[in-house]
Amino acid sequence: MLTLEEALGRVLAKVEALPAERVSLEQAYGRVLAQEVVSPRDNPPWDNSAMDGFAVRSEDLASQPTTLAVLETIPAGGMPTKALTEGTCSRIMTGAPMPDGADAVVMIEDTSAWGAARRSGDEVAITSDTVEIRASPAPRQHVRPRGDDVREGQLVLKPGHVMTPAAVGQLSSLGFPSAMVVQRPVVAVLSTGDEVVEAGWPLADGQIYSSNTHSLLGLIREAGGIGVHCGVAPDDPAGLRAALKRCMRADVILTTGGVSVGDFDFVKDVFSGDDAEVDAELDFWKVAIKPGKPLAFGSIGGRPAFGLPGNPVSCVVNFLQFVRPFLRKMMGLERLFLPVVEAELVSPLRKKPGRAHLVRVRLGLGSSGFTCASTGTQSSGVLGSLVEADGLALIPRESGGVPAGTRVRVQVLHLEWLHGLTPGFGWGETWTAPQAVAATPAAGDEGDEGDCC
Ligand code: AMP
Ligand code: MG
């Protein structure tokens, strides 16, 4: 049986980034850039003021206070019309172009007697023709030079750049209304099983509501793909074939269920090429992990296809280990894998050597770093202990169990978990070490659940 790493290697060897498409800046956030961006301009386009104040000649202001004649007011969005000469200045707003002759800006707070009321006989006039300056600025003070951010011809963004809000803003600041980015994969989701019914429909005896379709649609969306709900296929070859036809136009096909060794597990037969009417190929079947052993990977109708197990936790865990990195590579991302932290186990974990265990854990922050504790029963059908989990702790394949206090590697499942509970920069302070769950191990927690998980 392939190890987790071997299976992941096989999966990733079969995927390349999708072609590029042009999208508007509104759609560019989070996408992977598929072009070089070279600046067509200097940004800012001219020397401009970093303050509301007065553009001055620094050499005029050796002594304080000095009164200067005000030539004009330059608003942001306007251009100066007068060059400064000795003893003159111009009122200037933040972002407005510097006038010729000026080499510094004095902020309004360092000036007085500008716009003061002046009485002349019976008339009171507001004068703005002179200003008293109470500062001696160094040359270039409060002046943002032309090209300070970006120079014309400069390589600003390279292919592969993940478009953060700042990167989208920079494209926008250079005047580009759109960008070439890697396409998002369309992912078909087909649940299978005569017992499986989508929520909202009535249940007959022996039937259960599906969890997998909606877990997968959420996971696909979180991974950046476009999920397509392709319904539930029955456990018969003809019905399965018809349902698979609905999936064929997607970039990737995901099925759930029917990949174990049961009498009605026809999805595995499709992958194995036993159904002559479906063009399919199997790359591998089964991985030495728990949960998630009966994964099938190959192609159906020429599309990469994952036959995920039906058990709800196995299905999600397999998606996270294999499909998520696959989709991220398709989207042109370089960092394919979930973030991993090292954490100290609060309670022991039992297991037999043979398969790597991916244990659902709650993470916490203790006095010496991260801690983790099992969220309870680790049965592959118990979605509740995955709902409670912040991460998956890896207990290696060859391990025969680990005592409390062992430092283990934990994949962080939800970036939500990294967000703070306290305002500002106090993010970790309210975390506490999680308590060990005194759960009775479900059948198979330390042994083998057979082929179904
Ligand atoms: P299978 O892999 O088809 O043998 O299914 C394994 C287990 O997963 C069985 O108990 C199924 O009822 C269950 N199962 C299969 N598909 C789903 C689904 N979409 N949602 C929830 N449970 C499922
Ligand atoms: Mg089934």
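Could you identify the single residue in Val270, Val278, Val316, Val287 that is within 25 Å of Leu415 (Cβ to Cβ) and either in contact (Cβ under 8 Å) with a residue 24 or more places away in the chain or surrounded by fewer than 16 Cβ atoms within 10 Å (Cβ to Cβ) (or both)? Before you say what the answer is, go through the steps one by one.
Working: Val270 fails: within 25 Å of Leu415 (Cβ to Cβ); Val278 fails: within 25 Å of Leu415 (Cβ to Cβ); Val287 fails: within 25 Å of Leu415 (Cβ to Cβ).
After applying the criteria, what remains is Val316.
Determine whether the range 252-268 contains at least one residue that is within 13 Å of Gly302 (Cα to Cα) and within 36 Å of the chain's Cα centre (by Cα).
First, the residues of the range 252-268 that are within 13 Å of Gly302 (Cα to Cα): 252-253.
Imposing the further condition that a residue be within 36 Å of the chain's Cα centre (by Cα) reduces the set to 252-253.
Within the range 252-268 (the criterion being within 13 Å of Gly302 (Cα to Cα) and within 36 Å of the chain's Cα centre (by Cα)), the answer is yes, since at least one residue qualifies.
Could you name every one of the strands (runs of 3 or more DSSP E) located completely within the range 356-411 that has at least 1 residues being without any contact (Cβ under 8 Å) to a residue 60 or more places away in the chain and buried (at least 23 other Cβ atoms within 10 Å of the Cβ)?
On the way: elements: 356-366, 369-374, 391-395.
Counting at least 1 such residues, we get 356-366, 391-395.
Yes or no: Lys14 under 30 Å from Arg355 (Cβ atoms) and of a type in the set (D, E, K, R)? Lay out the reasoning, then the answer.
Numbers: under 30 Å from Arg355 (Cβ atoms): yes; of a type in the set (D, E, K, R): yes.
So Lys14 passes the test.
Consider the range 194-247. How many of its residues are touching a residue at least 60 places away in the same chain (Cβ under 8 Å) and over 23 Å from Leu320 (Cβ atoms)?
Going through the range 194-247, the residues touching a residue at least 60 places away in the same chain (Cβ under 8 Å) turn out to be 194, 196, 211-212, 215-216, 219-220, 223-225.
Applying the additional criterion that residues be over 23 Å from Leu320 (Cβ atoms) yields 194.
Looking only at that region, the number is 1.
Test of understanding: among Asp265, Asp275, Asp251, which residue is at pLDDT 95 or above and either over 21 Å from Val228 (Cβ atoms) or among the acidic types (Asp, Glu) (or both)?
Working: Asp265 fails: at pLDDT 95 or above; Asp275 fails: at pLDDT 95 or above.
Going through Asp265, Asp275, Asp251 in turn, just one is at pLDDT 95 or above and either over 21 Å from Val228 (Cβ atoms) or among the acidic types (Asp, Glu) (or both): Asp251.
Name the one entry in Val162, Val150 that is surrounded by 15 or more Cβ atoms within 10 Å (Cβ to Cβ), touching a residue at least 60 places away in the same chain (Cβ under 8 Å), over 27 Å from Met93 (Cβ atoms) and within 48 Å of the chain's Cα centre (by Cα).
Just a single option satisfies the conditions, and that option is Val162.
Need the failing condition index for Val189 against (1) surrounded by 24 or more Cβ atoms within 10 Å (Cβ to Cβ); (2) within 15 Å of ligand 2 (Cβ to nearest atom); (3) over 22 Å from Gly9 (Cβ atoms); (4) modelled with pLDDT of 95 or more, just the number.
Single failed check for Val189: (2).
Could you list, in sequence order, the residues of the range 15-49 that are open to solvent by 80 Å² or more (accessible area, probe 1.4 Å) and touching a helix residue (DSSP H, G or I) at 6+ places or on another chain (Cβ under 8 Å)?
Glu16, Tyr29, listed by residue number.
How many residues does the range 11-60 hold that are assigned to a loop (DSSP other than H, G, I, E, B) and over 30 Å from Ile300 (Cβ atoms)? Before the answer, list the steps.
In the first step, residues of the range 11-60 are kept if they are assigned to a loop (DSSP other than H, G, I, E, B); the result is 13-19, 29-31, 34-36, 39-42, 44-47, 50-52, 57.
Filter once more, so that each one left must be over 30 Å from Ile300 (Cβ atoms): 29, 35-36, 39-42, 44-47, 50-52, 57.
Summing the residues that are assigned to a loop (DSSP other than H, G, I, E, B) and over 30 Å from Ile300 (Cβ atoms) in the range 11-60 gives 15.
Being touching a Leu at 6+ places or on another chain (Cβ under 8 Å), over 20 Å from Val186 (Cα atoms), away from ligand 2 (no atom under 15 Å from the Cβ) and of a type in the set (A, V, I, L, M, F, W, C), is that true of even one residue in the range 242-264?
no
Is one or more of the residues making up the range 213-231 open to solvent by 20 Å² or more (accessible area, probe 1.4 Å), at pLDDT 95 or above, more than 24 Å from the chain's Cα centre (by Cα) and within 30 Å of Phe337 (Cβ to Cβ)?
no
So if I check each of Arg335, Arg350, which one is among the basic types (Lys, Arg), under 26 Å from Arg31 (Cα atoms) and open to solvent by 10 Å² or more (accessible area, probe 1.4 Å)? Break it down stepwise before answering.
Working: Arg350 fails: under 26 Å from Arg31 (Cα atoms).
Exactly one residue qualifies, and that residue is Arg335.
Assess whether Ala7 counts as being assigned to a helix (DSSP H, G or I) and of a type in the set (Gly, Ala, Ser).
Numbers: assigned to a helix (DSSP H, G or I): yes; of a type in the set (Gly, Ala, Ser): yes.
When the stated conditions are applied, Ala7 passes them.
Test of understanding: among Val323, Val317, which residue is touching a Leu at 6+ places or on another chain (Cβ under 6 Å) and either more than 16 Å from ligand 2 (Cβ to nearest atom) or of a type in the set (Phe, Trp, Tyr) (or both)? Walk me through how you get there before you give the answer.
Working: Val323 fails: touching a Leu at 6+ places or on another chain (Cβ under 6 Å).
The unique qualifying residue is Val317.
Criterion first (in contact (Cβ under 8 Å) with a residue 60 or more places away in the chain, within 16 Å of ligand 2 (Cβ to nearest atom), open to solvent by less than 60 Å² (accessible area, probe 1.4 Å) and not small (Gly, Ala, Ser)) does Leu171 satisfy it?
Numbers: in contact (Cβ under 8 Å) with a residue 60 or more places away in the chain: yes; within 16 Å of ligand 2 (Cβ to nearest atom): no; open to solvent by less than 60 Å² (accessible area, probe 1.4 Å): yes; not small (Gly, Ala, Ser): yes.
It is false that Leu171 is in contact (Cβ under 8 Å) with a residue 60 or more places away in the chain, within 16 Å of ligand 2 (Cβ to nearest atom), open to solvent by less than 60 Å² (accessible area, probe 1.4 Å) and not small (Gly, Ala, Ser).
The values are calculated or read from the model by the stated rules, or taken from the named source; none is laboratory data. The structure presented is a predicted model; accordingly, all values stated were derived computationally and were not measured. Ideal geometry is used to build each Cβ from the backbone, glycine not excepted, and the neighbour counts take in all protein chains shown. Only protein heavy atoms, including side chains, enter the accessible area calculation; ligands, DNA and RNA are left aside. Shrake-Rupley method; radii C 1.70, N 1.55, O 1.52, S 1.80 Å.
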